[in-house]
1. Got a sec? How would 125, 248, 144 order by Cβ neighbour count within 10 Å, fewest to most?
2. How far is the Cα center of region 113-150 from the Cα center of region 237-265, in Å?
3. What list do you get for 44, 307 if you sort them by fewest beta carbons within 10 Å?
4. Once the principal axes of the Cα atoms of region 229-288 are found, what is the range along each, listed largest first in whole angstroms?
5. Let me spell out the model: positive unit charges on the Cβ of Lys and Arg, negative unit charges on the Cβ of Asp and Glu, origin at the Cα centre of the chain. What dipole size does that give, in debye rounded to 20?
6. So how much slack lies between residue 27 and residue 221, counting 0.36 nm per residue of separation and subtracting their Cα-Cα distance, in nm?
7. Over all distinct Cα pairs, what is the inverse of the mean 1/r for the chain, reported as the Kirkwood hydrodynamic radius in Å?
8. Quick one: order 169, 362 by neighbouring beta-carbon count within 10 Å, fewest to most.
Amino acid sequence: MGTTAELQGRLTGPAPDVDPREVVRLDLPGTTLMPGLIETHDHLPTSGTNIEYPDYGPHEIARLTLNAARAARELLSEGVTGVQSLGARHYVDVALRDAVDAGDLRGPRIVASGPQITTTGGHAHHAGGAADSPDEIRRQVRLHHLMGADTIKVMATGGFMTGGSAPWFAQFTTEELQILVDEAHRLGKWTAAHAHGTQGIERAVRAGVDYIAHASFVSATGRSEFDPRLAEEMARAGVYVDCTVTAHLPALIARDPSFAPPVRLLWEHGVRIVAGHDAGIPASPQRAYVGGLKALEAVGLPCTEVLLAATSRAAAAIGRAGVTGVLAPGFEADLIAVAGDPRRDLAVLHDLRLVVARGREFLPDRVAGLAAGPVEGLVGPAETLAVWREEQERRARHPRV
C-alpha cells in the first residue's frame with residue numbers, strides 16, 4: 001500500500017488556476033491518504049485548563065483567545081482539520097475562525113457557536129447567553145447571528161459540570177426550542193443541543209435540532225436508561241449525535257459498566273453517530289482526539305463506522321457536507337496520510353506522515369501523549385457523575401445525613 005500526493009505551495013483553487021510549477025509530488029509508501037479528521041464538539045477557549053470556567057480577571061478575553069489559538073494548533077497537529085466549537089465566551093471562537101480563514105493563524109476550519117443559550121442559573125450560565133422567554137430566545141439567536149456565529153447551541157438539559165442544573169431535566173419547553181430552531185434556520189444557522197436526560201432529548205428532536213451532544217438518557221438515579229422508542233424517533237429525524245466518548249471512558253467502564261454510553265444501541269437503531277468529545281473541558285484535552293476514536297470503537301461502534309463518524313459524517317453533522325470530509329473533486333483539500341491502514345487499526349492515526357489543511361501542508365507540533373486512564377488532576381463529567389452517584393448512595397444508606 002502506498003500513497004502519492006500532489007500539493008500546491010499555496011491555497012488550492014480550481015484546476016485551471018493551478019500553476020504546474022507550484023505542484024510538489026510527494027511519495028509516501030506504506031501510508032493511507034484519507035480525509036482530515038473532524039472534532040464535532042469542542043470548547044477551544046478553555047482548552048488546557050483544570051476547571052471549566054477559569055477566572056482570568058481583567059485579562060479574560062485575551063487569555064481565552066490565547067487558549068483557543070493554542071487549542072486550534074494542537075488539533076491540527078493531531079490531524080484534525082475541522083472542528084465545531086460548541087461554547088465560547090465573548091465569541092472568541094468566531095474571532096479565531098476569522099483569523100484562521102484569513103491565514104493569520106494555522107488551525108482547522110472552525111464552525112463557531114459563541115456562548116451557549118441557556119436559562120438563568122442553567123447549565124453553562126457562566127458563559128452568558130441566558131434566555132428565559134420566547135422573546136429573549138429570539139433575541140439571543142439574533143445576537144449570535146449579528147456576532148457571526150455559525151451554529152446556535154442550546155442547553156436543552158442541565159449538565160454535570162454546573163451545580164444545581166439537573167442533567168435529567170429539560171431546561172426549555174418543546175415550544176421554546178422550536179422558536180430557537182426556527183429563528184436559527186431562518187438565519188441560515190446550524191443548531192445543536194446539549195441534552196442528557198430523555199425529556200430534553202425528546203424535546204430537542206421534536207423541535208428539529210440538527211445535532212445533539214451527549215444523548216446519555218441519564219435518569220435521576222445517575223444511570224443511563226435507554227429508550228428504544230426515542231432512539232427510533234431520533235433516527236427518523238436524521239439528527240446527528242455525539243455520545244461524548246472520551247479517551248479515558250473505557251477505564252471508567254471497566255470499573256463500573258453502568259458508565260457505558262448507549263452508542264451501540266443508538267447506532268443499531270439507525271441514529272447517525274459522530275465523533276465528538278467535549279474537547280477542551282477538564283479531562284478531555286485536544287491531544288486525546290485519536291484516543292477518543294479508539295474508545296468509540298471499544299464501546300461498540302465498528303472501526304469503519306468510527307472512521308465515517310470522524311470524517312464524512314462528521315462534516316455533515318457540522319453543516320459542512322460537500323465542503324470537507326471526503327477526498328473527491330470539488331471538496332477542499334483537508335487530508336492526512338497515516339502509516340498503515342486505519343480500517344484495521346485506529347492506532348495508526350497516531351502516526352501522521354502528512355497533514356494538509358485547505359491545500360496547505362502543516363508540520364505538526366510535538367504534542368504530548370495521553371495515558372489510557374483518567375487525566376491526573378482533572379475532573380470531567382464522568383468523574384463528576386461518579387462523585388454524585390457515591391453521594392446519592394451514601395444518602396440512601398444514611399437518609400438522615
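No value in this document is a laboratory result; all are computed from the given coordinates. In this text, all values refer to a predicted model and were calculated from it rather than measured experimentally. Reconstructed Cβ throughout: ideal geometry from the backbone, glycine too, with neighbour counts over all protein chains shown.
1. Values: 125 19, 248 23, 144 26.
Going from least to most buried by this count: 125, 248, 144.
2. Answer, in whole Å: 28.
3. The order, fewest Cβ neighbours first, is 307, 44.
4. 33, 25, 13
5. 260 debye
6. Working it through step by step, the gained length comes to 64.3 nm.
7. The answer is 21.3 Å.
8. On the way: 169 13, 362 21.
So the residues, fewest neighbours to most, are 169, 362.
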